[in-house]
Amino acid sequence: MTAMSMPFKTRITDLYGIRLPIVASGLMWLADPGYVAAVARAGLIGFMTAASFPDPQALRAGIRRCREQSEGKPFGVNIMIRTSRDGTDRVTPLIDVAIEEGVRFVETAGNNPEAYLKRLKDAGIVVLHKVPGVRYAKKAEALGVDAVTVVGAEAGGHPGVEPVGTMVMAVAAARTIRIPLLVAGGIGTGDQLVAALAMGADGVAMGTRFLVAEEIWAHRQYKERLVAAGETDTTLLLQTMRNTQRALKTAHVAMIQQLEKNQPGDTTALLPHIMGTVGRKAYETGDYEQAMLSCGQGVVFADRIEPLSAIVDRVEAEACAAMARLTGLYRAPQAAAGRAA
Ligand SMILES: Cc1cc2nc3c(=O)[nH]c(=O)nc-3n(C[C@H](O)[C@H](O)[C@H](O)COP(=O)(O)O)c2cc1C
């Protein structure tokens, strides 16, 4: 497979001008300029997580760094739509910086993007909104986003309060949604990319599969744990907060699950243990047992620490092999008249 081959052309490859219909979604603390630029150079589009930067000016510097390293290839910014506890609008300043810096692609997630959509669209930004359910996808489509990602139960991060498996979610969404559609949740191989296209999606989004890329800055010990992990090494938690999360099974996660069991609804007891800074520290030190780290069931496919481009090459080769296999299995039905004769 040559680096420049374009075996797939879908509405997603057209929308972003990318080589493969794969999006590398936002990853808190980890989707930084170096990683997102590596994704761009590999012919996909990645979204730099705005919430990982301490303030909007740091995001501005991050966008500039990413642009310097991405060889003119497209990249985007992931913006979490949320209301802060003190009522401060932390979203608009991030959008302002993205617009000022000429960012063309934004991935929104977390909540309804309606309040920010006009500003983004007026600036000519292509908005991809990510949701954990078909009804939210329909809502986003009606609001006027350009594309939508539906996330199934297998996903790392937030699979929704009523998680639905990716296999069901994909087809249910494809039968309902008219705008370009991405499917995510447990997807880490080219075979699955082909399956998603067969189910009616225009592409896939991946998070967990890329966590073992060399360009992810986290400690090697954490990546080695991911390489060793199988499909049963993640678990759901925080259901009692209606903020369900899929994370790597660790001692810290087991402790939180016990708290949820013993003190259901006691958010105050949970808060100190689920602070993002705990996760950031674990990525730094490699002491993953002491943190709640988002991770999807597709971790089973993260089998080697290697450059991101090598992961993408393997996914591409798998997708091409899956297409060839399907083609070999398929015999077009003869025309009805021919059969009758
Ligand atoms: C470590 C990690 C951090 C994540 N952080 C974010 C985030 O900050 N914002 C976001 O929109 N999604 C976040 N997600 C979700 C991913 O963007 C993506 O939807 C998910 O990983 C797809 O499922 P997969 O993990 O099975 O590939 C995170 C996922 C992981 C694994």
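The values are calculated or read from the model by the stated rules, or taken from the named source; none is laboratory data. Because the structure is predicted, anything quoted here is derived from the model rather than measured. Cβ sites come from the backbone with ideal geometry, for glycine too, and all protein chains shown count toward neighbours.
Annotations for the structure displayed:
- In summary, Gly186 fulfils each of the numbered conditions (1) among the small types (Gly, Ala, Ser); (2) buried (at least 21 other Cβ atoms within 10 Å of the Cβ); (3) at negative phi with the single exception of condition (3).
- Some residue of the range 318-329 being under 21 Å from the mean Cα position of the chain (by Cα), assigned to a helix (DSSP H, G or I) and more than 15 Å from the ligand (Cβ to nearest atom): yes
- Selection count, the range 154-182, where residues are free of Cβ contacts under 8 Å to residues at least 60 places away in the same chain, over 24 Å from Ala317 (Cα atoms) and surrounded by fewer than 24 Cβ atoms within 10 Å (Cβ to Cβ): 12
- Residues located in the range 104-153, provided they are basic (Lys, Arg) and within 15 Å of the ligand (Cβ to nearest atom): Lys130
- Test result for Gly185, in contact (Cβ under 8 Å) with a residue 40 or more places away in the chain, out of contact with any helix residue (DSSP H, G or I) (no Cβ under 8 Å at 6 or more places or on another chain) and in the same structural domain as Leu27 (by TED's automatic domain parsing): no
- Matching residues, the range 125-152, being in contact with a His (Cβ under 7 Å, 6 or more places away or on another chain) and either among the β-branched types (Val, Ile, Thr) or in a helix (DSSP H, G or I) (or both): Ala140, Val145, Val148
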